[in-house]
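The values are calculated or read from the model by the stated rules, or taken from the named source; none is laboratory data. Given the structure is predicted, the values throughout are model-derived calculations rather than measurements. Methodologically, a virtual Cβ is constructed for each residue, glycine included, from the backbone with ideal geometry; neighbour enumeration extends over all protein chains shown.
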Amino acid sequence: MPNQAEALHSHLSLHRITVALFLAALFAGFGQFGAVASLNDVARHFGRFTSHGSLQSVVGLSGSVIGVGLATLRLASLGALPLASLADRWGRTKVMRRTVIVGLLATALAALSPSYWFFVLCFAFARPLLSAASALVQVITVELSATSERIHRLAIMAAGAGVGAGLSAVLHGLIRGPDSFRWLFALALAPALPISPLLASIPEPVRHRSPGVGARLGAVPRAIRGHLAIVATVAFAVGMITGPANGFAFVYGEGVLKISPHVVASVVALSALTGLAGLLVSRSLARTLGRRWTVAIGVLGSGVTSAYAYSGGRFNFVVGYLVGVGAAGVLAPAATAISTEIFSHPHRATAAGWVVVAGVLGATAGLGLFGWVGDAVHTSSDTALRIPALVTFLPLMPVLLLLRRLPESSRMELV
């Protein structure tokens, strides 16, 4: 009986931890995706329409200005590296709790934006905090999970981030009016303070700590730099795809294709099913084919579906978006697993920070290239972003060959 009671208590404790981490992932995803979901409304509110046939003539801001704004948000995420690195020195849960709360408060401040660039500034401050929080949720999940359960729990965390992003998009479609984006940002205040006690209940993962760890923020030993460089390169490629694919989605759908925000919200809600399907597929493939093959399938699927979504027409956009969310679901848990499992505890959070940096640089490069090519094409038709998508997404596929040089981590015991 005592053993059964202890087992039950342990099970309930693990359940509470999973719920707390899920909510942290959800709120971080909600805060980060608000800028993207409301971008078309922000562009219309602060932009100036022109008469010549260009992207600015239909959304209010040029592709370059939108791209620079989004790239600024992505570049700000570079701050996630020192924040994540601090977690290797101060503790995972402490840093995660503070970054989630402050990030949500900064997101809410954007509701007061008097200009487009103030909006960019607020989210640029919030983004590294929420990016670090997301990375630490993944690290903590890996370190508190048994080997056989890691990919399952990572799928749950990916679902939390997806639900948060989807909730932001759905609320954007439901809250309409000239200042609808302000109400969306203000909603970030709701979970900012109540979530603190829940996150405080998450135990700190404790493992062997080698001497000298944390001497320099962001420092990793030479022995793991090769593997880290490969993971970072793949993350860079993923960022180049997902940055513009997600960043321009609502501008393209609502601004260029003239799809009603309510319809877009319905598509986003429906994408929860394809995203869930992708997560289930990822969990299965990561256990059978391994992490590397699952990542390769997810990246390939993301690139092809994103190019299709921007190829022209509402049908292509909706189908490409829905299947693309499924591909992202396939990619996310396996990519997180392989980028955390192959590194040791003293450097795992720092390595996660470097992966965030690589993804940020990739997204920044992708947004810049996508926006520049979009302006160069100079058209306001349904196919305005077809060429930018093809030029940005598809040439990245050969990077997947680097995955062969990484160890398969599906059965690795953490050290």
Take residue 402 and tell me if it is over 26 Å from residue 142 (Cα atoms), surrounded by fewer than 17 Cβ atoms within 10 Å (Cβ to Cβ) and in contact (Cβ under 8 Å) with a residue 24 or more places away in the chain.
no
Single condition residue 330 does not satisfy, out of (1) crowded, with 19+ Cβ neighbours inside 10 Å; (2) within 18 Å of the chain's Cα centre (by Cα); (3) within 20 Å of residue 408 (Cα to Cα); (4) in contact (Cβ under 8 Å) with a residue 60 or more places away in the chain:
(4)
Residue in the range 382-398 that is farthest from residue 129 (Cα to Cα), counting only those that are surrounded by fewer than 18 Cβ atoms within 10 Å (Cβ to Cβ) and touching a residue at least 24 places away in the same chain (Cβ under 8 Å):
383
Right, residue 251: modelled with pLDDT of 80 or more, more than 18 Å from residue 108 (Cα to Cα) and assigned to a helix (DSSP H, G or I) or not?
no
For residue 206, are the conditions met, namely being of a type outside the set (D, E, K, R), out of contact with any Leu (no Cβ under 9 Å at 6 or more places or on another chain) and in a loop (DSSP other than H, G, I, E, B)?
yes
Filter pass, residue 274 being in contact with a helix residue (DSSP H, G or I) (Cβ under 7 Å, 6 or more places away or on another chain) and surrounded by fewer than 20 Cβ atoms within 10 Å (Cβ to Cβ)
yes
Consider residue 319 against the criteria (1) touching a residue at least 12 places away in the same chain (Cβ under 8 Å); (2) surrounded by fewer than 20 Cβ atoms within 10 Å (Cβ to Cβ); (3) part of a helix (DSSP H, G or I): it satisfies all of them except one. Which criterion is unmet?
(1)
From 364, 383, which residue is out of contact with any Cys (no Cβ under 6 Å at 6 or more places or on another chain), assigned to a helix (DSSP H, G or I) and hydroxyl-bearing (Ser, Thr, Tyr)?
364
Before we move on, is residue 373 part of a helix (DSSP H, G or I), modelled with pLDDT under 85 and more than 30 Å from residue 129 (Cβ to Cβ)?
yes
Given the condition surrounded by fewer than 23 Cβ atoms within 10 Å (Cβ to Cβ) and at pLDDT below 80, answer yes or no: does some residue in the range 223-240 qualify?
no
If you go through 351, 363, the only one that is within 18 Å of residue 227 (Cβ to Cβ) and buried (at least 24 other Cβ atoms within 10 Å of the Cβ) is 351
Residues that are over 28 Å from residue 295 (Cβ atoms) and in contact (Cβ under 8 Å) with a residue 12 or more places away in the chain: does the range 150-162 have at least one?
no
